[in-house]
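Here you go, one structure.
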Amino acid sequence: MEIDVNSAIITEDDWRNPIMTYLRYPTLPSEKRVRIMALNYLMWNEDLVRKSKDEVLLRCLGKKEYMKVMGETHEGICGAHQGGRKMCWLIRRYGYFWPTMMKDCIDYSKGCESCQRHGPIQQAPSVPMNPVICWIWHKHSNSSCFNPLLIMLKLMGRQNQATRTSKREATGMTPYALTYGHDAILLMEIAVQSLRIAHQHNLVGEDYSQAMLLELEGLDASRIDTLNKLLAGKQAVSRAYNKKVRNKSFEEGEIVWKAVLPLGTHVAGYGKWSPTWEGPFIINHILGIGAYRLQDTEGEIHAAPINGKWLKKFYPTMWDSQAIQTDPGIETRLL
Ligand SMILES: [Zn+2]
């Protein structure tokens, strides 16, 4: 690849300037740092050349030239929008060098608008789980509730008796037992008498009430045990969920891309080449746990809030960031 740039024009702030001056006029006073660096370089027809470890000569480029080289390599005719490391490897193979080439290539590829617009969408949650335990007890409305048989008969008309009489994995108890202190009696247990039914039939009125009250008194302890079990369960679920969390948070005024929703939406005429991200947008307001309100570049505020997992940071292209360094006013003009 040949770059049509006149490298003989070297400005004051060019990184090559001190090395070239030393190589041309070695007797002039110079910094020790420059003299050590210059060991790896030589002059070749007015150009600075670096001797690489594998004895290959690499042409040294100034900022104007290397921006052109990175542009050609990443998005030119032969460019394939490669990542920064691959770009750096290619540029070195073409025979070019500048000291910050790896960092610059990574920044260039990060800031490529096309790459950002077509990047993959990761569906990992952006904030840790906020577990909620719903802890509601049924009230005992009258003494008939003490009689499991009556309760069972009341439940008979309901669709959900199976759920109320099945043990839950999270609590190790049935919802019925957590409310009344013992499990409901199933019709089957009356037809084919179970041990507890046989025991109940041996109790006279007073003893029966005593037994029921004892069970209710023991209920508080069972409920605390259950609550602890629930908490432990929720913590285990949170731990598993939080492993997947990719911490992403944005600040007001930050520029972001927003995923094109619903996922997989195709833009007419683009088919499967449709962009996956749209924008850029500006974070107008932080609404709370991972939710944001966006604003477009014309200043219009979006009504619907958006979950942070559908947003990603916007990186300005290196062409813009180069311009920003020299002309601070350009940043506002870009928006
Ligand atoms: Zn790209």
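Every number in this text was worked out from the coordinates using simple rules, so none of it is lab data. Predicted, not measured: the structure shown is a model, and the values here were computed from it. No Cβ is skipped: glycine too gets one built from the backbone with ideal geometry, and neighbour counts run over all protein chains shown.
Return, for the Cα atoms of segment 1-119, the radius of gyration and Dmax in Å, separated by a comma.
Considering segment 1-119 through its Cα atoms, Rg and Dmax are 15.6, 55 Å.
Given the Cα-Cα distance of His302 and Glu254 and 0.36 nm per residue of separation, how much length would full extension add, in nm? Let's see the in-between values first.
Working: separation 48, 0.36 × 48 = 17.28 nm, distance 1.53 nm.
Full-extension gain reported as 15.8 nm.
Reachable aspartates and glutamates from Lys234, Cα under 13 Å, same-chain residues fewer than 8 places away excluded?
The qualifying aspartates and glutamates are Glu169.
Quick one: check the C-alpha center-to-center distance for segment 8-29 versus segment 223-269, whole angstrom.
55
Let me ask something additional. Tell me which lysines have Cα within less than 29 Å of Lys258's Cα, excluding those fewer than 8 residues away on the same chain?
Lys86, Lys103, Lys110, Lys243, Lys244, Lys248, Lys272, Lys309, Lys312, Lys313
Where does each of Thr276, Thr27 land when they are ranked from fewest to most other beta-carbon atoms within 10 angstrom? Don't skip to the answer; put the middle values down first.
Numbers: Thr276 16, Thr27 6.
Arranged by neighbour count, lowest to highest, Thr276, Thr27 become Thr27, Thr276.
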